[in-house]
Amino acid sequence: MLDNELMDMVKQIQLVRSESNKIEIKAANKGCPKVRDSLSSFSNQSGGGVIIFGVDENDGYEVCGVYDTADLMKKVEAQCQEMTPVIRPLFSVASIDGKTVVSAEIQEIDNADKPCFYSGVGRLKGSYVRSGDADRLMTEYEVYSLSLI
């Protein structure tokens, strides 16, 4: 993703004051948040999605920046390694109002590999789907339906 594309995404989020089924935002100015639910849901949905770090939903969608760009990417990558199958995010970095914003593009995985889930809790408790602007735990029926594709 290009810098201007990331900046445009942030501006759009601020304009509509909401996330979407393709975009999740996280403040990340005080450390790396857990994003396994979003990693799973974006990997399982058509077209994937983007996690944007450095925008605070609880502060009127203001850009707060990230605590440390390199460490954040390292820790998000570590969470990606805990998924089955392993996720390979594509990171981008931009500066908005002098603050650093980082995006992680999460690609949809192949149907044969679905559902993507957090390995630490297993397929039934770690498989998520995106519902509006939130990640929702898949039902047992949804998990097994995807497994049969």
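At 1.4 Å probe size, with every protein chain present, just tell me what the per residue accessible area of segment 2-149 comes to in Å². The partial results should precede the final answer.
Values: 7500 Å² over 148 residues.
Per-residue accessible area for segment 2-149 comes out at 51 Å².
Could you pull out the chymotrypsin sites (Phe, Trp or Tyr not before Pro) across segment 66-149 that fall in loop regions by DSSP (anything but H, G, I, E, B) with no more than 11 other Cβ atoms inside 10 Å? Spell out each step's value before the answer.
Values: sites: Tyr67, Phe91, Phe117, Tyr118, Tyr128, Tyr141, Tyr144; in loops: Tyr67.
Sites meeting the loop and neighbour criteria: none at all.
In segment 47-149, how does Rg compare with the Kirkwood Rh, expressed as the Rg/Rh ratio over alpha carbon atoms?
Values: Rg = 15.4 Å, Rh = 15.1 Å.
Reported Rg/Rh (Cα atoms, Kirkwood Rh): 1.02.
Helix 69-81 against the longest principal axis of the chain: what's the angle in degrees, Cα atoms only, rounded to the nearest 10?
10
Summing -39500 (n - 2.57) over the DSSP H runs of n ≥ 4 in the chain and dividing by its residue number, what mean residue ellipticity at 222 nm do you reach, to the nearest 500 deg cm²/dmol?
Working: 5 runs with 48 residues, N = 149.
Estimated from H runs of four or more residues: -9500 deg cm²/dmol.
Starting from the Cα of Lys99, draw a straight line to each of the aspartates and glutamates and keep only those under 12 Å, dropping any in the same chain fewer than 8 residues away.
Glu62, Asp68
Under a crude label model (7 Å from the Cα following the beta-carbon direction), how far is Leu90 from Tyr144 in nanometres?
3.7
For a paramagnetic label modelled at 7 Å from the Cα of Glu5 toward its Cβ, which residues of segment 67-99 fall within the zone defined by backbone nitrogen distances under 19 Å?
88-96
Please enumerate, by chain and number, the lysines with C-alpha under 16 Å from the C-alpha of Lys22, excluding those fewer than 8 residues away in the same chain.
Lys11
Roughly how large, in nm² to one decimal, is the mean projection of the convex hull of the alpha-carbon atoms in segment 99-142? Please list the in-between numbers first.
Values: hull surface 18.2 nm².
Taking the Cα atoms of segment 99-142, their convex hull projects to 4.6 nm² on average.
For segment 1-91, report the convex hull volume of the alpha-carbon atoms normalised per residue, in Å³, without decimals. Mind dumping the intermediate values first?
Details: hull volume 8.6 nm³, N = 91.
That works out to 95 Å³ per residue.
Between Ala70 and Ser20, what length in nm is gained on full extension when 0.36 nm per residue of separation is reduced by their alpha carbon distance? Please list the in-between numbers first.
On the way: separation 50, 0.36 × 50 = 18.00 nm, distance 2.62 nm.
Result: 15.4 nm gained on full extension.
Which of Ser41, Ser127, Ser95 moves the most in a Gaussian network model of the chain with Cα springs under 10 Å?
Highest fluctuation among the options: Ser95.
The values are calculated or read from the model by the stated rules, or taken from the named source; none is laboratory data. All of these numbers come straight from a predicted model, not from anything done at the bench. So basically every Cβ, Gly included, is an ideal-geometry build from the backbone, and we count neighbours across all protein chains shown. Areas reflect the complete protein model, heavy atoms only, side chains present, ligands, DNA and RNA absent. Shrake-Rupley method; radii C 1.70, N 1.55, O 1.52, S 1.80 Å.
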